[in-house]
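Chemist: Take a look at this one; I'll ask things after.
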Amino acid sequence: MTATAPAGGTPEPRPSTAGSSGGSTTPGAAGRSGTSHGTAPPALVPPPPTRPPDVPPPPPSPASPGSGGGADDDLRTVLPEALGVPAGASRRKRRLWLSVAAVSAALGGLAGALLAYAMIGPSVTKENDSNKAYDASQPPFTVSVQPEQSEPREWAMVLDRTLTDEEVRKMKASSDVFAYLKSLGGRPLAYAPLLEHAPRRYTEEQTSSGRLEFSDTFKMTVMSTRQNAVTINDWKVTDLKCRKSTAQAVIGRPPQGGAAYEGIRLHLPPRADEPVLTDDTEGQGEPYFGNRFVEVGNGQSSGGLRAEVIAPHGQSCEWGIQVHYNDTYRPEGRWVQLKDDKGKPLRIRTESVPENPRQSWVFGSMPWTSCDDMPEEGHCYGLR
């Protein structure tokens with residue numbers, strides 16, 4: 001039998017197996033092999049060695065107050081090398097290289113600033129030249145002409161046909177005769193006020209006919225997108241054509257005295273020095289463009305004039321306008337023909353009362369009165 005060694009005891013003897021000699025164990029052999037004459041038990045495998053625990057690296061020793069710290073030491077080492085200083089150069093040489101590099105960087109920045117400053121002048125000049133070229137390519141101005149829309153204080157209305165009895169009845173009963181007659185196709189004229197403060201030669205011409213005058217009034221608006229100022233300092237009538245008025249009826253609201261409107265006045269054909277100033281101020285009746293002008297551009301987008309145009313009695317006229325202007329690009333000035341929105345020469349129509357209308361009435365300061373019932377020498381307030 002096999003003997004096992006109890007814990008803490010002496011191994012018990014085991015019986016010998018077949019083929020053993022003398023039936024006893026050999027103490028020497030048993031001590032060397034651990035068995036006697038049988039199969040050896042498997043050898044014991046030692047356990048793998050245990051990994052020693054990770055030991056954390058020792059903390060960096062604190063820098064001494066005068067040493068400058070590790071980061072500073074690294075910077076002092078890396079920066080000179082980055083600037084091309086040999087690694088083994090002395091401290092003095094390194095400081096010299098750093099000083100040279102700092103001065104070079106400062107001079108480079110200063111040179112860049114000076115170059116940028118030097119380029120400002122040419123750049124601004126080039127931009128200004130470009131702006132001037134664009135400004136010069138724009139039209140100096142555009143002109144819009146519109147008939148007077150508001151009701152004058154004293155007016156006359158001409159129509160190309162006679163009024164029916166029903167229309168006459170409605171006209172006399174209307175609270176707004178001006179608007180009613182316009183709705184029938186009437187064209188308004190204004191009694192031209194006497195320019196009392198004008199030079200004597202002008203007032204004598206105005207009263208020489210012995211009859212009141214009528215003006216066909218329009219507003220001329222001048223517009224410009226120019227950056228530089230454009231000055232209109234003269235104008236003249238062109239291509240004047242007049243014919244006999246075809247109006248058949250005329251209705252008038254005669255004046256009761258009143259001041260002149262602000263603007264200009266001219267006759268067709270123009271009299272000497274016209275257009276003249278109509279303002280009830282100093283200079284009335286004097287040439288408007290003698291010491292005045294219309295200025296647009298340079299931040300002033302528009303300007304304008306109110307023009308009273310007087311056609312010969314009993315005639316209807318068409319005409320054009322040329323204006324003279326100066327600007328930065330044409331200091332010597334230039335005459336230009338005004339054109340309409342289709343690019344054709346602008347044509348302005350100016351009416352007057354007909355010579356012998358078939359129908360004519362006056363009202364306002366008096367009851368409705370037919371001119372046929374008034375004395376011939378009175379010209380029916382200019383309507384005849």
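The values are calculated or read from the model by the stated rules, or taken from the named source; none is laboratory data. As the structure is a prediction and not an experimental result, all values here were calculated from the model. We place every Cβ from the backbone using ideal geometry, glycine too, and count neighbours over all the protein chains shown.
Chemist: Return a yes/no flag: does the range 235-252 have any residue that is small (G, A, S), in contact with a Leu (Cβ under 8 Å, 6 or more places away or on another chain) and part of a strand (DSSP E or B). Walk me through it before giving the result.
Modeler: Of the range 235-252, the ones small (G, A, S) are 245, 247, 249, 252.
Subset that is in contact with a Leu (Cβ under 8 Å, 6 or more places away or on another chain): 247, 249, 252.
Now restrict to residues that are part of a strand (DSSP E or B): 249, 252.
Checked the range 235-252: at least one residue is small (G, A, S), in contact with a Leu (Cβ under 8 Å, 6 or more places away or on another chain) and part of a strand (DSSP E or B).
Chemist: Right, next: Among the residues of the range 136-189 satisfying the criterion of being acidic (D, E) and assigned to a helix (DSSP H, G or I), which is nearest to P255 (Cα to Cα)?
Modeler: Going through the qualifying residues, I end up with E167.
Chemist: Still on this structure: Is it the case, given these coordinates, that T350 is out of contact with any Pro (no Cβ under 9 Å at 6 or more places or on another chain), free of Cβ contacts under 8 Å to residues at least 24 places away in the same chain, β-branched (V, I, T) and closer than 22 Å to E213 by Cβ?
Modeler: Answer is no for this residue.
Chemist: Residues to consider are Q256, Q248; find the one that is over 21 Å from R306 (Cα atoms) and modelled with pLDDT of 95 or more.
Modeler: Result: Q248 is the single residue among Q256, Q248 that is over 21 Å from R306 (Cα atoms) and modelled with pLDDT of 95 or more.
Chemist: Filter the range 231-280 down to residues that are of a type in the set (K, R) and crowded, with 20+ Cβ neighbours inside 10 Å and give me whichever is farthest from M171 (Cα to Cα).
Modeler: Of everything passing the filter in the range 231-280, R265 is farthest from M171 (Cα to Cα).
Chemist: Any residue in the range 317-330 that is surrounded by 19 or more Cβ atoms within 10 Å (Cβ to Cβ), closer than 24 Å to A192 by Cα, touching a strand residue (DSSP E or B) at 6+ places or on another chain (Cβ under 6 Å) and hydroxyl-bearing (S, T, Y)?
Modeler: no
Chemist: Turning to a different aspect of this structure: Given the criterion out of contact with any Leu (no Cβ under 9 Å at 6 or more places or on another chain), without any contact (Cβ under 8 Å) to a residue 24 or more places away in the chain and surrounded by fewer than 19 Cβ atoms within 10 Å (Cβ to Cβ), identify the matching residue among G333, G343, G283.
Modeler: Being out of contact with any Leu (no Cβ under 9 Å at 6 or more places or on another chain), without any contact (Cβ under 8 Å) to a residue 24 or more places away in the chain and surrounded by fewer than 19 Cβ atoms within 10 Å (Cβ to Cβ) holds for just one of G333, G343, G283, which is G343.
Chemist: Take F293 and tell me if it is in contact (Cβ under 8 Å) with a residue 40 or more places away in the chain, under 41 Å from the mean Cα position of the chain (by Cα) and surrounded by fewer than 17 Cβ atoms within 10 Å (Cβ to Cβ).
Modeler: The answer is yes for F293.
Chemist: Which of the residues spanning the range 149-167 are among the β-branched types (V, I, T) and in contact (Cβ under 8 Å) with a residue 60 or more places away in the chain?
Modeler: V158, T162
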